[in-house]
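Encoded as structure tokens, the structure appears first; notes follow it.
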Amino acid sequence: MKINPSVLYLCTFLLAFSATTYAQNHNSEKPDQTAIVKQQLEENSLFDKTLQKIKKEVDAEIAKGIDVPVPKDLAGGYTHERHKKNYATAQNAGDLYRIEKDEKYAIYIKEMLMQYAAMFPELPLHPEERSYARGKLFWQSLNDSNWLVAMSQAYGSIYDYLDKKERDQLEKDLFLPYADFLSLENPKFFNRIHNHSTWGNAAVGMIGLVMNNDELVNRALYGMKNTNISEDARDDDGGRILKQGQKAGFLANLEEAFSPSGYYTEGPYYQRYAMYPFIMFAKALEDKRPDIKIFEHKDGVLIKAVNAILNLTDADGDFFPLNDAQKGMSIYNQSIVIAVDAAYYYGDRSPGLLSVAQKQGRVTLDEAGKAVAQAIQSGEIQDFEKSSLNLSDGPEGNKGGITILRQGKPGNNYSLVYKYTSQGDSHGHYDKLSFSFYNEGEEIIQDYGFARFVNIEPKKGGGYLKENTSWAKQSIAHNTIVQNETSHFDGDFDTGSKYNPELYFSDFTLNDIKIVSAIDTNAYPGTKMHRTMVMLENELFQNPVILDIFRLEGEKENQYDLPFYYQGQIIDTNFEINMPEQLQKLGSKNGYQHLWVESRGKAGESNTKFTWSNNRRFYTLTQALGSKDRVILGRIGATDPEFNLRRDPVFISRKEKAKDALFITVLEPHGSYDPVTELGKNSFSQVKDLRVITDTPEYTAVQITGHNGERILFLMSNEETSVDEQHQLIINKEEFKWDGPYTIINK
């Protein structure tokens with residue numbers, strides 16, 4: 001193989017090029033290498049594009065001058081945002097100084113740090129008293145940790161530029177007391193399993209590495225002992241407060257928060273946030289403490305976590321909003337840029353990651369970013385393939401999980417997200433066996449996400465709103481069964497944290513069928529919930545459809561509600577809509593107080609059909625409900641005088657006074673509408689009839705009949721999942737035999 005000499009030199013040079021985002025190696029570049037560095041950057045367009053963008057931003061900030069205001073504001077306020085801008089700019093200036101050796105960047109960082117060092121010794125706690133762990137520069141210690149993570153990198157970048165007297169002053173007046181404040185003075189912030197603690201651990205550890213302070217590094221890695229924190233010290237942001245003798249620190253967070261498959265128990269939104277400190281501290285450790293082999297820890301879980309979070313996205317790269325989550329957060333966040341580059345560089349150099357980096361349009365200004373940019377430029381890029389998969393939850397992978405079913409063609413892909421995880425710590429919701437459904441990047445059946453306006457100061461300073469507890473976390477806010485208008489585990493965090501559903505089985509081996517089934521027996525004591533979801537491609541349908549089988553076995557009669565939070569405009573129903581002149585609330589508590597009732601009616605005589613349109617496509621829910629069942633059309637927004645909630649619609653199926661119950665639903669995407677030609681195609685459902693053929697504790701059989709008379713028969717064992725188990729079922733004198741937990745027969 002012929003090797004380009006310039007590429008060979010670049011690979012050799014990378015061994016000497018100090019990682020700017022590590023900010024730990026204090027050896028400066030030799031002056032005569034600067035021109036060579038710039039030459040290599042010009043040959044690497046993505047790296048150079050990132051460099052020039054950051055240089056423009058930093059130069060503009062330097063021109064404005066340094067402002068280190070006395071802290072007073074919540075998130076979104078001037079002082080809060082100014083200190084955020086300061087640490088981000090200083091970090092970027094450090095990158096530029098490493099690469100370009102322009103002294104103005106070192107001077108800028110030095111002057112800023114000296115101003116902070118002059119302020120910090122007399123700085124009291126932040127005046128806003130909303131946090132369980134008040135910060136100094138910010139209203140919560142979490143943001144102070146953000147500051148120290150970034151400033152440790154800036155400090156490391158100019159470490160050799162400063163003289164010993166200057167370093168001693170900064171470490172004595174600023175960095176060492178800041179590290180002690182975040183850890184020794186805030187043990188319930190620092191010593192637990194939570195994304196907050198990960199940030200605190202990384203902040204203390206990274207500044208410890210720059211300062212060559214082994215005590216700080218060990219404190220960060222292994223936590224603090226004898227902190228005397230009681231369980232009742234848990235704060236509003238939750239997290240597991242560790243008891244005496246339990247592991248704490250960065251390594252404990254790495255081990256406890258991630259499953260072996262890389263799923264982060266708080267969900268992808270907070271995984272995205274935590275990936276920054278996880279990756280940044282890991283890179284620093286790899287540079288200064290390679291003996292720890294951090295990227296190999298727990299079987300390389302950090303690299304697996306990057307693959308997991310990329311799979312937890314829709315076609316646009318937005319994260320599925322599981323648990324507390326803001327919609328629209330995506331792979332374009334800087335945390336994911338850092339994670340993708342690191343996973344490529346420290347992992348197996350997967351070419352699929354390069355396509356993600358190319359979409360992100362920027363790289364980190366270090367060896368990892370250079371390697372990614374060079375590989376893209378060399379044509380090594382491949383698509384990142386997202387397919388159906390299971391992601392386990394829990395440190396040992398035995399606390400439920402997430403399954404993503406994917407089917408379709410380029411430009412018309414479908415994703416179903418099935419959630420049967422553990423509680424997910426404080427950011428978890430009471431939504432066992434819930435799902436959401438996507439067509440490309442469009443939400444068709446949505447998960448609400450959280451009730452919060454991040455960094456929007458008029459909305460409670462950008463913090464969580466009370467409706468996050470009264471609505472977003474409650475079971476009725478999700479697409480799952482709600483029994484007797486009470487949330488799963490009665491909405492109790494400690495109870496919910498003890499239990500999790502279990503995967504019954506899944507199968508992705510067939511091209512036209514993707515299936516997952518899970519069971520929960522603890523969300524409602526005395527009631528077993530078993531939900532099976534099938535993504536099915538068949539000539540009967542224009543697009544893949546979802547067959548949803550939700551079985552309930554109760555010890556007593558209950559009311560069961562099954563909501564579907566659809567997105568779009570109602571097109572047609574086969575049941576009567578009775579809209580009241582005056583809206584009433586659906587209930588009084590557990591989230592029901594936030595739903596307006598727009599219509600109540602009886603289920604359809606044979607099947608209940610509900611059709612709506614979204615983004616020029618049609619969707620139909622066909623349900624096999626009983627004659628006594630009810631249908632409710634509702635809308636979010638009741639008991640919300642400050643308009644903190646979105647006014648989204650919902651379709652609810654209700655069974656009253658039912659001990660055992662079965663909800664059978666087909667979710668069918670079909671047709672299209674062109675507003676230019678004003679033509680609608682295939683706007684009617686292709687399902688003529690949906691019925692339950694048999695349902696016993698042992699077996700369930702469902703039949704779907706199309707308008708052309710063709711039938712699909714789905715047969716499933718409710719008690720046995722072995723692929724070798726042989727089954728025999730007689731239905732209407734017709735015998736069916738199959739192996740494994742299910743079969744599908746076309747008739």
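Taking Thr743, is it surrounded by fewer than 20 Cβ atoms within 10 Å (Cβ to Cβ), modelled with pLDDT of 95 or more, closer than 20 Å to Gly626 by Cα and not charged (D, E, K, R)?
no
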Do we have Leu113 as aliphatic (A, V, I, L, M), part of a loop (DSSP other than H, G, I, E, B) and modelled with pLDDT of 95 or more here?
-> no
Do we have any residue at all in region 713-735 that's of a type in the set (Val, Ile, Thr), in contact with a Phe, Trp or Tyr (Cβ under 6 Å, 6 or more places away or on another chain) and at pLDDT 95 or above?
-> yes
Quick one: is Ile404 under 16 Å from Leu310 (Cα atoms) and either without any contact (Cβ under 8 Å) to a residue 12 or more places away in the chain or not hydroxyl-bearing (Ser, Thr, Tyr) (or both)?
-> yes
Could you give me the residue pairs with C-beta distances under 6 Å whose first residue belongs to region 488-508 and is charged (D, E, K, R), whose second residue is not in a loop (DSSP other than H, G, I, E, B) wherever it lies, and which are 6+ apart or on separate chains?
-> Glu502/Ile519; Asp507/Ile515
Odd one out for Lys657 among (1) farther than 29 Å from Leu405 by Cα; (2) in a loop (DSSP other than H, G, I, E, B); (3) of a type outside the set (A, V, I, L, M, F, W, C) | (2)
With region 386-480 as the region, which strands (runs of 3 or more DSSP E) entirely inside it contain at least 2 residues that are surrounded by fewer than 21 Cβ atoms within 10 Å (Cβ to Cβ)?
-> 389-392, 401-409, 412-420
Go through Lys104, Lys49, Lys72 for me and flag whichever is among the charged types (D, E, K, R), in contact (Cβ under 8 Å) with a residue 24 or more places away in the chain, surrounded by fewer than 17 Cβ atoms within 10 Å (Cβ to Cβ) and part of a loop (DSSP other than H, G, I, E, B).
-> Lys72
Filter pass, Arg289 being touching a residue at least 40 places away in the same chain (Cβ under 8 Å), within 30 Å of Asp447 (Cα to Cα) and not aliphatic (A, V, I, L, M) = no
Looking only at residues in region 312-332 that are polar (S, T, N, Q) and more than 25 Å from Leu251 (Cβ to Cβ), which one is surrounded by the most Cβ atoms within 10 Å (Cβ to Cβ)?
-> Thr313
Could you list, in sequence order, all residues of region 280-311 that are buried (at least 19 other Cβ atoms within 10 Å of the Cβ), hydrophobic (A, V, I, L, M, F, W, C) and out of contact with any strand residue (DSSP E or B) (no Cβ under 6 Å at 6 or more places or on another chain)?
-> Met280, Phe281, Ala282, Ala284, Leu285, Ile294, Phe295, Leu302, Ile303, Val306, Ile309, Leu310
Of the residues Gly680, Gly709, which is in a strand (DSSP E or B) and modelled with pLDDT under 95?
-> Gly680
First in region 570-587 and more than 16 Å from Val631 (Cβ to Cβ), second anywhere and assigned to a loop (DSSP other than H, G, I, E, B), Cβ under 6 Å, 6 or more apart | Lys585/Ala638; Gly587/Glu485
Tell me, which helices (runs of 4 or more DSSP H) lie completely within region 236-354 with 2 or more residues that are under 20 Å from Phe435 (Cα atoms)?
-> 268-288, 297-311
Leading residue by the ranking (nearest to Ala150 (Cα to Cα)) among those in region 355-366 that are part of a loop (DSSP other than H, G, I, E, B) and aliphatic (A, V, I, L, M) = Leu365
Kindly indicate whether Val58 is among the hydrophobic types (A, V, I, L, M, F, W, C), surrounded by 15 or more Cβ atoms within 10 Å (Cβ to Cβ) and in contact with a His (Cβ under 9 Å, 6 or more places away or on another chain).
-> no
Unique match (being acidic (Asp, Glu) and either over 27 Å from Asn543 (Cα atoms) or surrounded by 17 or more Cβ atoms within 10 Å (Cβ to Cβ) (or both)) among Glu710, Glu678, Glu720 | Glu720
Which residues, taken from region 589-638, are out of contact with any Pro (no Cβ under 9 Å at 6 or more places or on another chain), without any contact (Cβ under 8 Å) to a residue 60 or more places away in the chain and more than 16 Å from Arg691 (Cβ to Cβ)?
-> Trp596, Gly601, Lys602, Phe610, Lys628, Arg630, Val631, Gly637, Ala638
Could you run through region 269-296 and say how many residues are of a type outside the set (Lys, Arg) and more than 19 Å from Leu216 (Cα to Cα)?
-> 9
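The values are calculated or read from the model by the stated rules, or taken from the named source; none is laboratory data. From a predicted model like this one, the values you see are computed outputs, not experimental measurements. Methodologically, a virtual Cβ is constructed for each residue, glycine included, from the backbone with ideal geometry; neighbour enumeration extends over all protein chains shown.
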